[in-house]
Amino acid sequence: MAKKTQKEIERNAKIKQIKKYNLGKYKELQIKKKRKNIPEEEYLTKMHNPDNVLEIENLHTCFYSDVGTVRAVDGVTFDIPRGKTLGVVGESGCGKSVTSLSVMRILQEPQGQISQGEIRLNVKRQGKAFDLTKVSQKFMEEIRGSDISMIFQEPMTTLNPVFTIGKQLDEVYLYHNELGISKPAAMKKKSIENLEKVGIANAPRVYSMYPHELSGGMRQRVVIAMALSSNPELIIADEPTTALDVTIQAQILDLLRNLKSELNASIMLITHDLGVVAEMADLVVVMYAGRIVEKGTVRDIFHHPAHPYTIGLMKSRPSAMTGENKLFSIPGSVPNPVELPDHCYFRSRCDKCVAACAYEYPQMTKLTDTHYVACYWAKENKENGIEIEEVKLKSDFEDVLQAKEKEMK
Amino acid sequence: MAEETKETPVLKVVDLKKYFPIKQGVAQKTVGYVKAVDGVSFEINKGKTYGLVGESGCGKTTIGRTLLRLTPPTGGHSFYKGQDIFALSKKDLRVLRPKLQMIFQDPYSSLDPRMNVGEIVGEAVREHNIVPQSEYKQYVLKIMKDCNLKSYHIDRYPHEFSGGQRQRICIARALALNPDLIVADEPVSALDVSVQAQVINLMKELQDKRGLSYLFISHDLSVVEYISDYVGVMYLGSLVEMAKKEELFKHPLHPYSIALLSAVPVPNPDYEMHRIILEGDIPSPANPPKGCKFHTRCSKAMKICSEVAPEYRDIGGGHMVACHLYNEK
């Protein structure tokens, strides 16, 4: 073996030091997490607004890795009102998935830890609100799958290949006694009903099939049926259509929309497709490098985007009808999550920097009652009364389709 | 396309077929065929981009692989500047290889993790003796610069790069051989929107500079619309419609093309949806429906559709379509 260079020795020493620090951290946080019989007073809280299903306040989720602490979610605050859909948009690695995993408390342990913040869930069934960062693991198991359920990105890997669809659907009732279905025959009946609800034809046959016998779209329907089987208050959909084709995506989005109005559930929709967000969401949160840079209603975000990152995202969508020869692209790439700068994380890629950008990370500025942004440039615009130019995002196909519709009539 | 036929197209595909046998039993007897590509014809001229769209499983990728002879074809011809690729001997094919390159979908799995960027980009250059040994390193650096990669990247390994950078390495690798045609198989599907724009811009820029031709395979209609000159829509192994980009996106004719267009989410919250939602899934290519393959999901299916397969023909101005709706016109 070759002799280690000075550089390597230094690096190894540094890793060792970090590992030691991490071990201490794991111990501290894991002990807190593994506590049993936590008295209810400790995790019982009050919602700030009783109409909200979920309130996340100042959430910090860290990954204690060997190269340093990664602050994947860094002070995120947002609410999800009952019956509404919240879209979370951002590039990969911006912390949108980690936010959802934190809510479900299924982070990769022991590296991933919620280090600070509150996640308040309004459980209608019990008429109480709980802080999910403080509840015991056993209590979390009850909540997970019955009050909150999740739809993952890859329907191919979400389902277990060695069990039939039916068995996997029945599991929800097997583990959640509070749903009040315990007889096998009743479970089967209910599961088949759920399959029918998500538009699967010939549900009794699908019930006894294995996942590999179904197509991608069908599998995603099964996953949705699974998520719905407990009538949850909140459905977290993590890129539910990214792995699917456009035509199948249209089917699934249509299904989700119909089911939402039927069940009066809230949806937290995580995606990087702005088209999907515009279509599905009522409220939008834009994330960048672990922080929220802009939040507001869909119309706020799409008609009056204020943060340069949001504007950049919208401009970089390919569209031939804009007549421009070159697509707009945001220069550079996301900063290293281990060594985040002290100033605005987007500064090095931003073309609208003002003097204040060189200092502290910007605070959330209120633009309207619903629209907030973390940017000095937007703040100055607001103070000087400058309206930001609207990004025209009319779809290229809009006119064509309207013309076709008329033709058909 | 009448005025363009004088020039020999860079690539001409005639009646391309690729069947995969289904084997069963102990003796591995062939019991049927999956007709992945069934009689596809098109051509690409110099400096143009041909976009190929369709759902997954419709045979887009198989076309790309077969016409470069990465998998042996079942039938048909593929001409590179008048030379039949399928009839070449192994030795001749090797000479031709540098001219036809491919960019794969997933930049994470298509780069060897144990080779650094210099080796990845330069390996084939050395194999094919594109430049003399003395200019080798200079050449690799020049190609990397063309693809917006920094010169100090040359000693780095793929895992040190982000998705967009990796895709640029893949483009550099293809470009290093000075190709005429690049088959790009979903090159931006695995990337984020902002990075997607960087890669597409690069591809367009290189096309203008070097007069490259692309066969651009994708399921994302907005990307295809942006980059292509001609667009072909595929369904279950065959082309159902082909036209110039402007024509296809402004006046789509085939019900499948219309449904595809209407399925694209519109980034405007005020837009009222009148979506044509296709029912069900794409049928199995091992057992395609009789007559028109699309009739099982078509909203305008007539009696004739389930009996006779429509002819793929020109209905004027180079707009090809295979549908009974446009028979009389």
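The values are calculated or read from the model by the stated rules, or taken from the named source; none is laboratory data. If you're wondering where the values come from, they're calculated on a predicted model, not measured in any experiment. Cβ atoms come from the backbone with ideal geometry, glycine included; neighbour counts cover every protein chain shown.
Every listed requirement among (1) in a helix (DSSP H, G or I); (2) buried (at least 19 other Cβ atoms within 10 Å of the Cβ); (3) more than 9 Å from every other protein chain (Cβ to nearest Cβ); (4) of a type outside the set (A, V, I, L, M) is met by A:GLY217 save one, (3). Of A:SER65, A:SER92, which residue is closer than 26 Å to A:ILE330 by Cβ, at pLDDT below 90, surrounded by fewer than 18 Cβ atoms within 10 Å (Cβ to Cβ) and out of contact with any strand residue (DSSP E or B) (no Cβ under 8 Å at 6 or more places or on another chain)? Answer to the selection: A:SER92.
Of a type in the set (Lys, Arg), surrounded by 19 or more Cβ atoms within 10 Å (Cβ to Cβ) and touching a residue at least 24 places away in the same chain (Cβ under 8 Å), is that true of B:ARG156? For B:ARG156, the condition - of a type in the set (Lys, Arg), surrounded by 19 or more Cβ atoms within 10 Å (Cβ to Cβ) and touching a residue at least 24 places away in the same chain (Cβ under 8 Å) - is not met. Which one of these is under 28 Å from A:PRO362 (Cβ atoms), under 19 Å from the mean Cα position of the chain (by Cα) and either within 12 Å of chain B (Cβ to nearest Cβ) or buried (at least 22 other Cβ atoms within 10 Å of the Cβ) (or both): A:GLY275, A:GLY290, A:GLY312? Only one candidate qualifies: A:GLY290.
Of all residues in the stretch B:161-196, those being modelled with pLDDT of 85 or more and over 19 Å from B:ILE227 (Cβ atoms) number 8.
Filter the stretch B:93-108 for residues that are surrounded by 12 or more Cβ atoms within 10 Å (Cβ to Cβ) and without any contact (Cβ under 8 Å) to a residue 24 or more places away in the chain; which is nearest to B:THR8 (Cα to Cα)? Top of the filtered list is B:LEU96. Would you pick out the residues in the stretch A:324-349 that are away from chain B (no Cβ under 13 Å) and either within 25 Å of the chain's Cα centre (by Cα) or not small (Gly, Ala, Ser) (or both)? Of everything in the stretch A:324-349, those that are away from chain B (no Cβ under 13 Å) and either within 25 Å of the chain's Cα centre (by Cα) or not small (Gly, Ala, Ser) (or both) turn out to be A:VAL338, A:GLU339, A:LEU340, A:PRO341, A:ASP342, A:HIS343, A:CYS344, A:TYR345, A:ARG347.
In this structure, A:VAL223 qualifies as within 24 Å of A:LEU101 (Cα to Cα), away from chain B (no Cβ under 11 Å) and surrounded by 20 or more Cβ atoms within 10 Å (Cβ to Cβ).
Looking only at the stretch B:208-232, residues that are within 12 Å of another protein chain (Cβ to nearest Cβ) and either among the acidic types (Asp, Glu) or without any contact (Cβ under 8 Å) to a residue 60 or more places away in the chain (or both) come to 7 in all. Among the residues making up the stretch B:113-166, those that are outside any helix (DSSP H, G or I), within 14 Å of chain A (Cβ to nearest Cβ) and either charged (D, E, K, R) or farther than 25 Å from B:LYS209 by Cα (or both) are B:LYS150, B:PHE161, B:SER162.
Yes or no: the stretch B:131-148 includes at least one residue that is closer than 29 Å to B:PHE20 by Cβ and surrounded by 14 or more Cβ atoms within 10 Å (Cβ to Cβ). No, there is no match, as no residue in the stretch B:131-148 is closer than 29 Å to B:PHE20 by Cβ and surrounded by 14 or more Cβ atoms within 10 Å (Cβ to Cβ). Counting only residues that are of a type in the set (Ser, Thr, Tyr), in contact with a Phe, Trp or Tyr (Cβ under 7 Å, 6 or more places away or on another chain) and within 21 Å of B:MET203 (Cβ to Cβ), the stretch B:222-247 holds 2 of them. For the stretch B:82-95, the criterion of being outside any helix (DSSP H, G or I) and either of a type in the set (D, E, K, R) or within 30 Å of B:GLU247 (Cβ to Cβ) (or both) is met by at least one residue. Once the stretch A:234-266 is narrowed to residues that are within 20 Å of A:GLU91 (Cα to Cα) and more than 14 Å from chain B (Cβ to nearest Cβ), the residue that is surrounded by the most Cβ atoms within 10 Å (Cβ to Cβ) is A:ILE236. Scanning the stretch A:75-126 for residues that are acidic (Asp, Glu) and farther than 11 Å from A:ILE56 by Cα yields A:GLU91, A:GLU109. Summed over the stretch B:253-274, residues that are closer than 17 Å to B:SER222 by Cα and at the interface with chain A (Cβ under 7 Å from one of its Cβ atoms) total 11. Once the stretch A:175-190 is narrowed to residues that are surrounded by 13 or more Cβ atoms within 10 Å (Cβ to Cβ) and modelled with pLDDT under 90, the residue that is nearest to A:PRO211 (Cα to Cα) is A:TYR175.
B:PRO73 satisfies every condition listed in (1) more than 18 Å from B:LYS18 (Cβ to Cβ); (2) of a type outside the set (Ser, Thr, Tyr); (3) over 14 Å from the mean Cα position of the chain (by Cα); (4) in a loop (DSSP other than H, G, I, E, B) except (1).
Yes/no matrix, rows are residues, columns are (1) aromatic (Phe, Trp, Tyr); (2) assigned by TED's automatic domain parsing to the domain that holds A:GLU196; (3) over 19 Å from A:ALA281 (Cβ atoms):
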site	(1), (2), (3)
A:SER208	no, yes, yes
A:GLY216	no, yes, yes
A:ARG219	no, yes, yes
A:VAL223	no, yes, yes
A:ILE235	no, yes, no
A:GLN249	no, no, no
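Residues in the stretch B:282-329 that are assigned to a loop (DSSP other than H, G, I, E, B), hydrophobic (A, V, I, L, M, F, W, C) and crowded, with 19+ Cβ neighbours inside 10 Å: B:ILE282, B:CYS292, B:PHE294, B:CYS298, B:ALA322, B:CYS323. Among residues of the stretch A:341-360 that are touching a residue at least 24 places away in the same chain (Cβ under 8 Å), those with a Cβ under 7 angstrom from a residue that is aromatic (Phe, Trp, Tyr) and not in a helix (DSSP H, G or I), sequence gap 6+ or separate chain, pair up as A:CYS344/A:TYR361; A:TYR345/A:TYR288; A:PHE346/A:TYR288.
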